[in-house]
């Protein structure tokens, strides 16, 4: 017998009253949710603005230096400034504040570059090594002191690394050099050398560059004073002497041509030009017969007054900072141009190198030469790494001054 089927329960249709009630409930729920979201957003915005306002109002939190994405805040900069000047008194810091501020900023940049570059070479300093140095120097274990010690230790390790890359022997040349002011002096020295004169003794007499003169000993090409000397040292026959003109060479001598145009009590009105050699000074003075002083000064003078035709204005004794200048300027007649006045208190450019090669060949690297090569390779590596790096220094004069004042407040 077939089962009796159940009757389907008719689907209940909400009444208009129920629909209206549900709609009111949903509307109230949406209003509550929206209100809650707006309230929460307001709270977050208020907190965020408060934090932002506090952040912006506290310059110590501002990033002032960034090296390849690594930031350094004003607080770090001030602390480093304080550490660097720990042994300086108030007067020194206030007097040289700008110089010190720049030095510390450069120090932070270089130390971070050193750390990053060393890391690329798998060279690092351990916390234990830093701790030992801090204890040895009796320094606090603050971040800035740890960073200072770390940079010093990295420098030593990098020196060791680049020293290990050097061979024991290299091709070197044993040279003697001197820089003289003119071709005429170079010819005079050559004549004396050919007559048996001692090159090193003659360099002491005639050389006008105190940093590069006499016997340089054995040097590889990399450590020669300049490319002109290096080229001569490794190309001319040992025993020969070569004379080379160098327009960029700096000499510790110059020659004044001075004209006093007026005198008044203890002051004189002067114009002058500074020449690179006695020969040049004599040539320029001879041209004064047909040309005026100002145009010749503009063409030949190496003094900063050249753009004003050599005009120096009214001077008292000592105004030029040169005794040789004063001895002539305050004693010559008005409107008379002096003879060339030699002055070894000034610097001029242009001169003649005399290069004598004693010997050349493979030679042992002496300690001093090895250290010079090591430091050159380290410096070249560092400068190349610095050139390839992204460095942002946001420290303007106002911020540096603020940082210096902050340090001074604590002294």
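Go ahead and run the numbers for FRET between residue 391 and residue 366, Cβ-Cβ distance against an R0 of 45 Å, rounding to 0.05. E between residue 391 and residue 366, to the nearest 0.05, is 0.75. Matching the structure-derived volume of the Cα convex hull per residue in Å³ against the labelled list (i) 423; (ii) 125; (iii) 156 gives the label (i). In terms of the mean number of neighbouring beta-carbon atoms within 10 Å, the peptides 400-407, 309-316 order highest first as 400-407, 309-316. Anisotropy class assigned to region 77-184 is oblate, per the alpha carbon gyration tensor with a/c at or over the 1.5 cut-off and a/b no larger than b/c. Working note: 222 nm ellipticity from helices only, DSSP H runs with n ≥ 4, each -39,500 (n - 2.57), summed and divided by the residues of the chain, gives -16000 deg cm²/dmol to the nearest 500. Each label point was placed 7 Å from the Cα along the Cα-to-Cβ direction; for residue 194 and residue 316 their separation is 5.4 nm.
The stretch between residue 116 and residue 215 holds 31.6 nm of extra length on full extension. This uses 0.36 nm per residue minus the Cα-Cα distance. Ranked by how many other Cβ atoms sit within 10 Å of their own Cβ, fewest first, the residues 381, 218 fall in the order 381, 218. The length gained by stretching the chain between residue 290 and residue 124 to full extension, at 0.36 nm per residue less their Cα-Cα distance, is 52.8 nm.
As a calculated quantity, the FRET efficiency between residue 308 and residue 103 at R0 = 35 Å, using C-beta atoms, amounts to about 0.50. Each of 99, 84 was scored by other Cβ atoms within 10 Å of its Cβ. Listed from fewest to most, they are 99, 84.
Test of understanding: in a Gaussian network model of the chain with alpha carbons linked when under 10 Å, which of 351, 117, 319 would top the mean-square fluctuation ranking? Ranking 351, 117, 319 by mean-square fluctuation puts 319 first.
Compared with the dominant principal axis of the Cα atoms in the chain, helix 183-194 is inclined by about 70°. Principal-axis analysis of the Cα atoms of the chain puts helix 397-409 at an angle of about 80° to the longest axis.
Rounded to the nearest 10 degrees, the angle from helix 127-137 to the longest Cα principal axis of the chain is 50 degrees.
The label-point distance for residue 91 and residue 141, in a model that sets each label 7 Å from Cα toward Cβ, rounds to 3.9 nm. Each peptide in 142-149, 191-198 gets a packing score, the mean of other Cβ atoms within 10 Å over its residues, and the list from highest to lowest is 142-149, 191-198.
A viscosity of 0.692 mPa s and a temperature of 37 °C, combined with the Kirkwood radius over C-alpha pairs in the Stokes-Einstein formula, give region 254-346 a diffusion coefficient of 255 µm²/s.
Rule-based calculations on the coordinates, nothing more; no lab input. Since we're looking at a predicted model, the values are computed, not measured. We place every Cβ from the backbone using ideal geometry, glycine too, and count neighbours over all the protein chains shown.
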